[in-house]
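Novice: Structure in structure tokens, see below.
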Amino acid sequence: MMVRLLSIQMENAVQDIALLLKQSGWGIERVKKHQDWNGKYCPHRILSENRWNSFLKRIEEAMKPKTTIQQKEEPKMTNTLTSTVKEDLKELLKETYQKGILKVEVLQ
């Protein structure tokens with residue numbers, strides 16, 4: 001239970017820091033440890049587990065724009081599975097996208 005809580009807290013920190021950096025127009029180089037200012041060994045868990053660089057990378061990843069697919073309207077197609085489900089699904093998605101029923105947007 002404690003490990004799960006720490007994982008949730010870490011992900012919240014990553015997301016909060018990424019949001020603040022994006023809102024301020026700053027880069028990852030602005031993220032500092034308490035240790036950089038006053039010598040305190042903090043954040044101690046990240047430092048003792050040698051995870052500072054991976055923490056920064058997670059923040060950078062969270063700052064990148066995300067691509068999503070939004071559904072514009074309900075597709076009005078009949079189910080015509082013929083050869084394999086995978087091929088039919090691929091064709092259905094292609095037709096849906098070509099007809100403008102699905103739309104791809106890049107979130108900033």
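The values are calculated or read from the model by the stated rules, or taken from the named source; none is laboratory data. Quick caveat, the model's predicted, so the values are computed rather than measured. Every residue, glycine as well, gets a Cβ built from its backbone with ideal geometry; the counts of neighbours run over all protein chains shown.
Novice: Filter the range 50-63 for residues that are outside any helix (DSSP H, G or I) and surrounded by 11 or more Cβ atoms within 10 Å (Cβ to Cβ) and give the result.
Specialist: Once the filter is applied, which keeps residues that are outside any helix (DSSP H, G or I) and surrounded by 11 or more Cβ atoms within 10 Å (Cβ to Cβ), the range 50-63 yields only Arg51.
Novice: Then there is this: Which members of the range 35-53 meet the condition of being of a type outside the set (A, V, I, L, M, F, W, C) and over 13 Å from Ala13 (Cβ atoms)?
Specialist: Gln35, Asp36, Asn38, Gly39, Lys40, Tyr41, His44, Ser48, Glu49, Asn50, Asn53
Novice: Can you run down the residue pairs with Cβ atoms below 9 Å, 6 or more apart or on separate chains, where the first is in the range 38-51 and of a type in the set (Val, Ile, Thr) and the partner is outside any loop (DSSP other than H, G, I, E, B) and surrounded by 10 or more Cβ atoms within 10 Å (Cβ to Cβ)?
Specialist: These pairs meet every condition: Ile46/Met10; Ile46/Trp52; Ile46/Ser54; Ile46/Phe55.
Novice: Just for the range 1-39: of the residues that are over 17 Å from Glu60 (Cα atoms) and of a type in the set (Val, Ile, Thr), which one is modelled with the lowest pLDDT?
Specialist: By that ranking, first place goes to Val3.
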